[in-house]
1. Can you tell me how many residues in the range 113-148 are over 17 Å from ALA28 (Cβ atoms) and of a type in the set (Lys, Arg)?
2. Just give me the residues in the range 224-279 being within 30 Å of ILE172 (Cα to Cα), assigned to a helix (DSSP H, G or I) and not small (Gly, Ala, Ser), in sequence order.
3. Tally up the residues in the range 30-61 that are more than 15 Å from ASP148 (Cα to Cα) and touching an Asp or Glu at 6+ places or on another chain (Cβ under 6 Å), please.
4. Go through the residues of the range 482-498 one by one and say whether even a single one is in the same structural domain as LYS631 (by TED's automatic domain parsing) and either at pLDDT below 95 or touching a strand residue (DSSP E or B) at 6+ places or on another chain (Cβ under 9 Å) (or both).
5. Filter the range 440-489 for residues that are touching an Asp or Glu at 6+ places or on another chain (Cβ under 6 Å) and small (Gly, Ala, Ser) and give the result.
6. Within the range 224-242, can one find any residue that is surrounded by 13 or more Cβ atoms within 10 Å (Cβ to Cβ), free of Cβ contacts under 8 Å to residues at least 40 places away in the same chain and either within 22 Å of ARG38 (Cβ to Cβ) or touching a helix residue (DSSP H, G or I) at 6+ places or on another chain (Cβ under 9 Å) (or both)?
7. Name the single residue, out of those in the range 432-461 being of a type in the set (Asp, Glu) and either over 14 Å from THR563 (Cβ atoms) or in a strand (DSSP E or B) (or both), that is nearest to the chain's Cα centre (by Cα).
8. Before we move on, is ASP197 surrounded by fewer than 16 Cβ atoms within 10 Å (Cβ to Cβ) and assigned by TED's automatic domain parsing to the domain that holds THR163?
Amino acid sequence: MKITKENLNLEDGLKKEWLITNGIGGYASSTVIGTNTRRYHGLMIAPLNPPAKRFLILTKVDEAIEIEGQKHDLYTNVGTEYTSQGFKYLESFEKEFVPIFRYKVENIEITKIICFDYGRNTIGIYYKIKTADKPCKLSLAPIVNYRDFHHMNTGHTFDLKQTIKGSNKVRIVIDNNNDSSVYMKLSEGEYTPHFNDTFRNMFYIEEQKRGFYPEENHAVTGVYEVEIDANTEKDISFVCSLEENIDEIDVRKLISREIVRQNELYNDSLLIDNRNTNKTKKEKEEEQFIKDLITATDNFVFYRPIFGLHSLMAGYPWFLDWGRDSSISFEGLLLITKRFDIAREVLMTMVRDTKYGLVPNGYSGFDNRPLYNSADSSLLIFEQVQKYLDYTGDLEFVKKYLYKVMKMVIDHYIEGIDFDDNNIYMDSDNLIVSGTDFTQNTWMDAKFDGYAVTPRNGKAVEINALWYNANKIMQELSLKYGEKEESQKYEDLARACKVSFMEKFYNKKRKCLYDVVGDSKIRPNQLFALSLTYPVIDPQSEEAKNIINVVEKKLLNSYGLKTLAKGEEKYVEMYEGGPQQRDASYHQGITWPWLLGLYYNSLKNMRDYTKTKKTKQEIENKIEKFRLDVKKTFKKEFYETGCIGSIAELYDSVKNPQSKGAFAQAWSVSEVFRIILGK
């Protein structure tokens, strides 16, 4: 993934972002020209209570080269009345394992590589300076902050206390936060501390677009300076950490370890054919795309120390792990890549805090407290357990750690759950009711000032498709565990659900499914009825063909599926404006890439259930064309727009849309990856 000088102008450079993660909930991110355009950008956003309580610690490091008394700034900062011009010296930006910036000033070449010490709140920056016939001086100005990454220190003046050890290691206490001291060190050179130097009014263009105040102050701790002789190659390393023991850190080794770690992911996935050493250029490009997608999946895998288990980040910059997102992302992130040990831990994480039959929908970003506002997270688990068994056959693990919870979920959904206003129960027609006018417990969960934009309370189509699927999975699973009476119970529940589902959900007038019984809006949620392991709608039926036809005509586009068909009341096709305007459009017509996975699975089920050879081949041809279209669209997205090396949360539903929402979203990456690989 390389962007060359002609595409590193200011306008393009401000639109392209990069991301690396540290495996415990922290991350580093900025634009490809080094300008922070979001409050969420920074070189170290560190979880103080991993993975929660994420704080901006190291905002950026501004570099400059001085040649014969003339200073050349390599950084690009944007203010309301100025823009520094460092991007003009940037020759290329590249990211495979880690971000690499290459600058050229006169005949001096500067390479900068940024890398986390994986598993720690420690970031390293490696510089290689190659001079020609003139000596130069490199200066580095670390810019820091100390605040929750959702907040901003607008108009703030910082209280810095600095303790210098030797000539270039420093301990910094910001605003008297002694429990979170910041440690910095340069491999050589001299450090001059600044105690009252404030970077005022850093301007965040993306926050302005989102309807927020866009300016913030940061603290400049001081300046490191290194004299470099002419005709020299010099390696210099900068380290910033929340841990004191940074003296022995070799940033080059740190980078090497990260490259080895990621290469092991490629090799262990068995998706890369290392036996064939005589590959064509096209084969090498395709292989590199798969490697880059694997790296993208790895960004969402992190470790929860307080659980002693791994989990999956829903998206960057602002989400932690969400139950439904983890389930929907599960196969594409972990099973396809054969990370089965991690997959087991993620399943255990998802069910460990189950309460009243509710799997947590997520955890608080501040104190790791479980949150339960979800009717679908508990039911999605069943599909992921089935997928795990499809890949591993590990019945013993499921019985030991998951089966009891799965039984409890079914029992509680039958009995009723009135916890956290979920209002879940099985009605007399054997369909599941959930929610109230004021709750948002399906994936269409936008809420503003207590108002649920799409409450979808009642009998929602995907909840009941998932309910049927869960009981069918339990029917088979309990039989394998020798529980014949239990198996019959689940079979009866599934059968009764299916009868009522066909009676209540099929809309003969519009030839598709009601989104909620009584609500005829055309939405993509109806695809759950066709896409699961056990589809509640017969995939070879006339109803199934009609559903797919409506979805293709009304919702499907190159970037995903619209959340509401054009022409429906309150349809919105642009995700823009302030928080209220964006929340009002979030699930009202905006396109989401992850929904492509539902459509893809539906086509596969239609193919697999079809008995006619000709029809089966026709559907197979349709699937292959769809896969190629997805690959073409998202390969361009992956390498050329948005967050380089990832896929965004959503897109406007217009021609040539811009990526919007979270710039790197787990289920977007997961489902696109899965479709491209044909899984």
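1. 4
2. VAL251, ARG252, LYS253, LEU254, ILE255, ARG257, GLU258
3. 2
4. Residues of the range 482-498 in the same structural domain as LYS631 (by TED's automatic domain parsing): 482-498.
Now restrict to residues that are either at pLDDT below 95 or touching a strand residue (DSSP E or B) at 6+ places or on another chain (Cβ under 9 Å) (or both): 493, 497.
Yes; the residues of the range 482-498 include at least one that is in the same structural domain as LYS631 (by TED's automatic domain parsing) and either at pLDDT below 95 or touching a strand residue (DSSP E or B) at 6+ places or on another chain (Cβ under 9 Å) (or both).
5. Within the range 440-489, ALA446, SER478 qualify.
6. no
7. ASP449
8. no
The values are calculated or read from the model by the stated rules, or taken from the named source; none is laboratory data. All values derive from a computational prediction rather than experimental measurement. Backbone-built Cβ (ideal geometry, glycine too); neighbour counts: all protein chains shown.
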